[in-house]
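The values are calculated or read from the model by the stated rules, or taken from the named source; none is laboratory data. From a predicted model like this one, the values you see are computed outputs, not experimental measurements. Here the Cβ positions follow ideal geometry from the backbone for every residue, glycine too, while neighbour counts run over all protein chains shown.
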Amino acid sequence: MKKQTILALGITSIILIASTEPVMAYTLLSPRRRWASTPVTVRVYNVGNSTISDGSGGVNATVSAIRVWGIISSSSTSSAAVRGSAPATIMLNTNGGVCTGGCLAATLTGYYISQSGDDRIYDADVYTNTAYQFYSSGESGCSGEYDINGIMAHEVGHVIGIGHSSVAGATMYPSVSACNTANRTLASDDFAARDNLY
Amino acid sequence: MHRRSLSIVTLLLVALSVPVSASQFVDQPFDQVARESAYIVRGTIVDTWSAWNGAHDVIYTFATVRVHRYFGEATGPDTLVVREVGGTVEGYTMEAIGFPAVRRGEEVVLLLSKWDDGSDLRIHAYNQGKYLVRDRGGVEVLVADPVTQGSDRLDRADRFDVEANRIEDTPGLTIDEFAAMVDDARAGGRVDREQQRQ
């Protein structure tokens, strides 16, 4: 009887804790790394994606969408990404020779491992697979296309040092489906990851 | 038929037991990955090294794979060299988040294809083209590799230590079951994960 009481109390405690604390399941890139300071500068190369018909090929939408993280200073640029050199640059018009096949978008990040354990990100560039069809917040309607706003919000999560989350509905959740715009809005789990790093 | 159904279920369990780990990828059906691969091999990664490319804008890691067996009709040499984006040179690390990680000592099954420029081999369909081989009671089974670049399982101190990055017990696919699936796929049979999920 006493065992049952203890067991019941234990289960009740777990339920209470679970119901009051939000479930956090984010991961950070390993080894843990971050940019030296905020805001993190991210440029969007001004040659857009040819499948996006919002007037800028998704450039303007991306510049705006990635600010959702709250620590990003974004703008368009006429300079293409230079791997290994800041600033972080998003390329909507090329796969960079690395993002092909089933890859929608890829982030290449560069860092030095420090002895102090406080690794610094030196560069991160994002490439887009131009074999897929994309659309942006500047367009209406969707038919089997992928939301560039949400995809780039996700990729910029990687740019700042965040890995994937197991929380469905988080922007850093690893899978994405066509015509899904949910990644445009960060979940509490995404903010927790950001706040862990910065 | 029963064995094939079992294989499909097992493969699904393997696939579902590991989060889709990626920058952002679209899952490819197994038969497509198998058909598109130039080589499908069971082997051991006996050596890895990293180097900048000629333009000094990408670090690649090269892995020497000692081949123990070829699956399907395509056969080749006893040793293959696989080239993957990402690696460390002189303290600077470049990672392609979510891309496959190759580590010396790994026992693997790899589905390989040529790079777009027709040169070296790469793992086809990113981590969908890589399985780790485990010995379960004298039987070799394949499990999806949960470790990708940027993964939190890649600890700094032992990130290339296979034992330290051991995966949990997960259901696996036997080598013979896998070989049968490859034969079916290459013969035009269809093992479509998405269809099986419905």
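Looking at the range A:136-157, is at least one residue more than 13 Å from A:GLY58 (Cβ to Cβ) and part of a strand (DSSP E or B)?
There is no residue in the range A:136-157 that is more than 13 Å from A:GLY58 (Cβ to Cβ) and part of a strand (DSSP E or B).
Is it the case that the range A:47-58 has a residue that's crowded, with 20+ Cβ neighbours inside 10 Å, under 27 Å from B:ASN53 (Cα atoms) and at pLDDT 95 or above?
Within the range A:47-58 (the criterion being crowded, with 20+ Cβ neighbours inside 10 Å, under 27 Å from B:ASN53 (Cα atoms) and at pLDDT 95 or above), the answer is yes, since at least one residue qualifies.
Counting only residues that are among the polar types (S, T, N, Q), part of a loop (DSSP other than H, G, I, E, B) and in contact with a strand residue (DSSP E or B) (Cβ under 6 Å, 6 or more places away or on another chain), how many does the range A:45-63 have?
3
Does B:GLU95 meet the test of being acidic (Asp, Glu), touching a strand residue (DSSP E or B) at 6+ places or on another chain (Cβ under 7 Å), away from every other protein chain (no Cβ under 14 Å) and under 30 Å from A:ILE162 (Cβ atoms)?
No; evaluated as a whole, the condition is false for this residue.
When the range B:71-119 is examined, which residues are found to be among the polar types (S, T, N, Q) and touching a helix residue (DSSP H, G or I) at 6+ places or on another chain (Cβ under 9 Å)?
Across the range B:71-119, the qualifying residue is only B:SER113.
Just one of (1) under 25 Å from B:TYR126 (Cα atoms); (2) buried (at least 21 other Cβ atoms within 10 Å of the Cβ) trips up A:GLU145, so point out which.
(2)
Considering only the range B:106-117, I want to know if a residue exists there that is of a type in the set (Ser, Thr, Tyr), over 12 Å from B:GLY43 (Cβ atoms) and in a strand (DSSP E or B).
For the range B:106-117, residues of a type in the set (Ser, Thr, Tyr), over 12 Å from B:GLY43 (Cβ atoms) and in a strand (DSSP E or B): present.
Could you list all residues from the range A:150-169 that are crowded, with 24+ Cβ neighbours inside 10 Å and at pLDDT 95 or above?
Passing the criteria: A:ILE151, A:MET152, A:ALA153, A:HIS154, A:GLU155, A:VAL156, A:GLY157, A:HIS158, A:VAL159, A:ILE160, A:GLY161, A:ILE162.
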